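Rule-based calculations on the coordinates, nothing more; no lab input. Computed from a predicted model, the values in this text were never measured in an experiment. All Cβ positions, glycine included, derive from the backbone under ideal geometry; neighbour counts span all protein chains shown.
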Amino acid sequence: MPSSTPSTNGIMPEVKKAGRKGSRAEANPAEKAPPYDSNITEPSTRAELIKYWINLSLDDRTAQKMLWLSEGGAKVSRMSEEVCPVLDRPERYEHSPQVLCKEGLLGNRGYWEVDCEGWVVIGAACESAGRKAKDGPCGLGENDLSWGVGWAGSCYHVWHNGENIEFQAPLCPTIGIYADQPAGIIKFFLVEDGENGSKETRLIHRFVSSFKEKLFPGFWVGRNSYCWIRKKDQ
């Protein structure tokens with residue numbers, strides 16, 4: 001995660017113990033998700049989760065200037081210190097090297113998967129979560145309006161409100177995220193190879209919160225790193 005003091009260098013801090021914290025293609029238009037039913041059993045297997053798949057595209061208006069978007073808005077990279085020539089906007093992250101997606105969740109569920117390489121944090125943020133230095137910590141999981149998961153060198157760290165929880169597992173190149181906005185549920189998964197070429201999910205962590213506003217998928221990207229939003233049939 002970015003440090004609690006906004007920084008333009010995008011370098012993750014030294015990994016600390018758990019506790020309080022100072023093949024791919026272009027994205028397509030969103031598919032129509034099933035009608036919201038509060039009484040369904042919470043999905044856990046990949047076969048259940050992909051019923052709520054949402055196609056996503058990165059919102060260039062929110063991307064911090066160190067980040068470069070490509071592949072039709074499906075990929076965000078930070079492979080150099082070159083600054084992207086974009087205008088300042090109210091929606092744009094000022095210091096934290098992050099970007100949100102155009103599509104958000106409000107009154108529905110959604111599931112998406114991301115391929116990643118390098119030092120990244122994958123998660124989601126409420127619409128009103130801070131994006132400027134004056135707003136305080138803006139990194140995914142650094143405040144009470146965002147959640148994130150990232151590889152910490154020897155295990156995964158899951159972040160929310162400046163606190164992290166460790167999850168012991170080998171590095172996996174694909175992360176799955178499930179969000180039930182009305183219920184305030186966010187779940188992070190490893191997406192691993194199963195038998196006969198199938199994919200299986202393994203739960204990293206489940207958050208239950210009380211957010212009521214629109215929730216947007218987001219990405220924090222360190223140096224020499226990228227995130228690539230997957231298509232449903234990959």
Of the residues that sit in segment 207-227 and are over 22 Å from residue 91 (Cβ atoms) and among the hydrophobic types (A, V, I, L, M, F, W, C), which one is surrounded by the fewest Cβ atoms within 10 Å (Cβ to Cβ)?
208
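To keep it simple, each residue is scored yes or no on (1) within 17 Å of the chain's Cα centre (by Cα); (2) more than 25 Å from residue 109 (Cβ to Cβ); (3) among the aromatic types (Phe, Trp, Tyr); (4) surrounded by fewer than 23 Cβ atoms within 10 Å (Cβ to Cβ).
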| residue | (1), (2), (3), (4) |
| --- | --- |
| 135 | no, yes, no, yes |
| 140 | yes, no, no, no |
| 153 | no, yes, no, yes |
| 162 | yes, yes, no, yes |
| 176 | yes, no, no, no |
| 184 | yes, no, no, yes |
Does segment 201-221 hold any residues that are among the aromatic types (Phe, Trp, Tyr) and either over 26 Å from residue 65 (Cβ atoms) or in a loop (DSSP other than H, G, I, E, B) (or both), and which are they?
207, 211
Is it the case, given these coordinates, that residue 226 is aromatic (Phe, Trp, Tyr) and touching a helix residue (DSSP H, G or I) at 6+ places or on another chain (Cβ under 6 Å)?
no
Filter result (outside any strand (DSSP E or B) and touching an Asp or Glu at 6+ places or on another chain (Cβ under 7 Å)) within segment 121-137:
127, 128, 131, 132, 133
